[in-house]
Amino acid sequence: MEAKTKDLWVFVETNEDGTAKNVGIELLTPGKMMAGKQGGALVAVVIGNNVDEAVKAASEHGADKVIVVDGPEYAHYTTDAYAIALCALVEKYGPTSMLIGATNNGRDLGPRVSCRLHTGLTADCTALDIDEESGNVAWTRPAFGGNLMATILCPDHRPQIGTVRPGVFKKSDAGEAKAEVIKEDIHVDAKDIRTQVLELIKEADGENVDLEGADIIVSGGRGVGGPEGFEPVKALADALGGVVGASRAAVDAGWIAHAHQVGQTGKTVGPKLYIACGISGAIQHVAGMSGSDCIVAINKDPEAPIFDIADYGVVGNLFEVLPVLTEEIKKARA
Amino acid sequence: MNMLVCVKQVPDTTEIKIDPVKNTLIREGVPSIVNPFDGYALEAAARIKDKDPSAKIVVLSMGPEQAKAALKECLAIAADKAYLVSGRAFGGSDTLATSYIISEAIKKVEEIEGKFDVIFCGKQAIDGDTAQVGPEIAEHLNYPQVTYGLEAEVDGDTIKVKKEVEEGVEVIAAKMPAVVTFTKPAWDPRYPTIKRKMAANRAEIPVLGEDAFPDIDTTRIGLKGSPTHVKKTFVPQKKSGGVKIKEETAEDSAKKLFQLLSDASII
């Protein structure tokens with residue numbers, strides 16, 4: 001399709017309580033820069049149920065306009081309802097570009113929508129810009145397990161769409177909420193939603209594994225040696241109010257569930273602080289966490305590649321280092 | 001139960017090295033494997049067949065002639081039939097063009113094998129890492145989709161899928177026919193038996209070439225039919241290492257780390 005405007009859209013995914021997921025607000029930051037270069041407005045698109053909080057957040061963090069679709073059929077994410085709503089909006093308003101957070105839902109929705117609109121989609125981008133030569137969005141993303149980066153253009157189809165990795169961009173400071181809010185009433189018939197959630201089985205111990213939304217992650221790898229080796233890792237995570245992550249080696253060994261896995265075949269994360277304990281730093285792991293603001297590595301092997309990317313590297317036995325570190329933190333926070 | 005599993009032959013990305021002088025990927029000598037996530041999709045189908053031996057598993061791949069090796073491996077593990085989609089005009093396709101070709105190929109294979117109740121894919125291939133082809137096949141065929149599946153079970157005319165979500169595991173029912181993409185489950189896929197391996201080696205794998213698709217829209221395939229183009233590729237810059245801490249004792253190292261992190265207001 002042809003673009004009807006020069007506007008850039010950011011799809012702001014919502015939580016079930018009507019708040020915005022972090023990544024949607026983060027993407028308003030590069031969105032502002034790109035919309036400026038493209039000469040259009042920055043538009044946040046919010047879909048969900050009772051989403052006033054999300055609309056307010058988008059407005060406070062730089063959106064010029066917010067388009068809202070609010071209804072009970074969007075309370076829980078379904079591919080069908082969200083694809084119908086988002087495609088209807090794109091067809092009506094014709095943006096030139098669209099950013100979607102590369103969460104599980106974003107990566108479920110993006111290909112469905114771009115395929116229906118017959119346009120290009122670039123997955124899991126880690127850098128965004130406008131190509132000076134052509135004015136197209138320059139989407140940059142890792143491939144081959146993070147060994148290679150590729151910059152991709154979508155020259156002849158609109159909107160240009162990309163999913164963007166959470167944690168890569170930072171939220172702007174909240175300002176005055178002055179976006180124009182446009183409500184769109186899009187109703188989806190129950191018969192058009194072809195999947196149904198039967199139940200949600202929470203993690204056995206009620207543990208939080210929201211790695212993508214975490215500010216602090218403490219991860220264990222092969223060096224923790226067994227399931228019980230995760231105890232000091234978890235203790236440190238608890239002391240810091242963080243979430244426990246793991247490398248593929250630890251997950252493959254069966255020491256911890258795959259939901260905790262960080263890396264190419266797990267989650268990609270971008271916390272403020274990432275502490276890698278007994279993780280060697282294989283490129284597949286690094287691909288999933290190199291966007292962290294601060295990386296701390298604790299490893300016995302001074303030659304471990306994880307030290308090449310760590311801001312702070314401790315050469316030492318994690319079973320000796322972690323308990324002392326945890327104690328120090330508890331003391332400081334007591 | 002008639003199941004199709006889509007598989008891709010990929011380079012083993014854990015074996016890929018960077019040429020330190022030219023700063024490019026060294027592809028020579030890197031083994032080709034069945035994309036691991038596609039292996040989980042095949043295992044999910046095999047588990048359905050374990051319960052219902054009358055079920056059929058067909059595997060389909062798009063790629064060069066060499067991809068037959070990946071299909072033979074799937075035959076050795078659990079598949080009953082295999083098809084390869086291969087043609088010069090298909091080369092250079094991005095995910096949208098690839099998914100279009102595969103969805104057209106599925107219609108052709110269905111003329112021989114009958115309608116598929118489910119189409120299983122890996123959630124993503126480890127070379128491209130896009131996770132887009134599965135959902136795009138679902139869209140081309142106008143089927144419902146479930147992504148990030150761990151295991152699947154047939155229940156009447158629906159497929160029940162355990163799906164990995166942030167908070168744990170969701171059980172989702174989708175009306176068949178449906179597309180399900182799979183991530184890594186807690187168990188390992190089965191290995192081929194010697195007997196199946198020998199049979200697979202002898203198997204003839206039909207190839208669907210360009211001539212098999214007289215009605216395909218040629219403006220939507222290959223490099224020219226792809227909306228996205230690669231402008232450039234480059235090797236990511238290595239971040240330079242930071243502060244290294246190695247005190248006399250582990251305790252001292254931990255205390256120093258705490259001090260540095262506190263001073264930098266990180267904790």
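I'd like the full set of residues that are within 14 Å of chain A (Cβ to nearest Cβ) and over 30 Å from residue A:153 (Cα atoms), limited to the stretch B:185-239.
B:185, B:186, B:187, B:188, B:189
Looking only at residues that are closer than 30 Å to residue A:119 by Cα and out of contact with any Lys or Arg (no Cβ under 9 Å at 6 or more places or on another chain) in the stretch B:137-158, which one is surrounded by the most Cβ atoms within 10 Å (Cβ to Cβ)? Break it down into steps so the answer makes sense when it comes.
Filtering the stretch B:137-158 down to residues closer than 30 Å to residue A:119 by Cα leaves B:137-150.
Within this subset, residues satisfying the condition of being out of contact with any Lys or Arg (no Cβ under 9 Å at 6 or more places or on another chain) are B:137, B:140, B:142.
Working: B:137: 28, B:140: 20, B:142: 10.
Only one residue tops the list, namely B:137.
Okay, residues lined up against (1) touching a strand residue (DSSP E or B) at 6+ places or on another chain (Cβ under 8 Å); (2) more than 18 Å from residue A:159 (Cα to Cα):
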{"site": "A:65", "(1), (2)": "yes, no"}
{"site": "A:72", "(1), (2)": "no, yes"}
{"site": "A:90", "(1), (2)": "yes, no"}
{"site": "A:100", "(1), (2)": "yes, no"}
{"site": "A:105", "(1), (2)": "no, yes"}
{"site": "A:113", "(1), (2)": "yes, no"}
{"site": "A:116", "(1), (2)": "no, no"}
{"site": "A:121", "(1), (2)": "yes, no"}
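Has the stretch A:107-114 got at least one residue that is at pLDDT 95 or above, out of contact with any Pro (no Cβ under 7 Å at 6 or more places or on another chain), farther than 18 Å from residue A:40 by Cα and not in a helix (DSSP H, G or I)? Working first, answer last.
So in the stretch A:107-114, the residues at pLDDT 95 or above come out as A:107-114.
Now drop any that are not out of contact with any Pro (no Cβ under 7 Å at 6 or more places or on another chain), which leaves A:107, A:109-110, A:113-114.
Next cut, farther than 18 Å from residue A:40 by Cα only: A:107, A:109-110, A:113-114.
Then keep just the ones that are not in a helix (DSSP H, G or I); that gives none.
The answer is no; no qualifying residue exists.
Looking for something of a type in the set (Val, Ile, Thr) and under 15 Å from residue B:5 (Cα atoms) - is there at least one such residue anywhere in the stretch B:93-102? Talk me through it step by step, then tell me what you get.
At the first step, the residues of the stretch B:93-102 found to be of a type in the set (Val, Ile, Thr) are B:95, B:98, B:101-102.
Cutting the leftovers down to under 15 Å from residue B:5 (Cα atoms) gives us B:102.
Checking the stretch B:93-102: at least one residue is of a type in the set (Val, Ile, Thr) and under 15 Å from residue B:5 (Cα atoms).
For the condition within 28 Å of residue A:101 (Cα to Cα), surrounded by fewer than 24 Cβ atoms within 10 Å (Cβ to Cβ), of a type in the set (Val, Ile, Thr) and not assigned by TED's automatic domain parsing to the domain that holds residue A:127, what is the one hit in A:329, A:256?
Being within 28 Å of residue A:101 (Cα to Cα), surrounded by fewer than 24 Cβ atoms within 10 Å (Cβ to Cβ), of a type in the set (Val, Ile, Thr) and not assigned by TED's automatic domain parsing to the domain that holds residue A:127 holds for just one of A:329, A:256, which is A:256.
Matching residues to (1) under 17 Å from residue B:262 (Cβ atoms); (2) more than 7 Å from every other protein chain (Cβ to nearest Cβ):
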| site | (1), (2) |
| --- | --- |
| A:277 | no, yes |
| A:280 | no, yes |
| A:284 | no, no |
| A:287 | no, yes |
| A:293 | yes, yes |
| A:302 | no, yes |
| A:308 | no, no |
| A:319 | no, yes |
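Report those strands (runs of 3 or more DSSP E) wholly inside the stretch B:159-242 carrying at least 3 residues which are surrounded by 17 or more Cβ atoms within 10 Å (Cβ to Cβ).
B:168-175, B:178-182
Of all the residues that make up the stretch B:129-158, how many are on the phi > 0 side of the Ramachandran plot, within 10 Å of chain A (Cβ to nearest Cβ) and assigned to a loop (DSSP other than H, G, I, E, B)?
Number satisfying all stated conditions: 3.
Is at least one residue of the stretch A:172-188 part of a loop (DSSP other than H, G, I, E, B), in contact (Cβ under 8 Å) with a residue 60 or more places away in the chain and within 17 Å of residue A:275 (Cβ to Cβ)?
No, because not a single residue in the stretch A:172-188 is part of a loop (DSSP other than H, G, I, E, B), in contact (Cβ under 8 Å) with a residue 60 or more places away in the chain and within 17 Å of residue A:275 (Cβ to Cβ).
The values are calculated or read from the model by the stated rules, or taken from the named source; none is laboratory data. This is a predicted model, so every value here is computed, not measured. With ideal geometry, Cβ positions are generated from the backbone for all residues, glycine too; neighbour counts draw on all protein chains shown.
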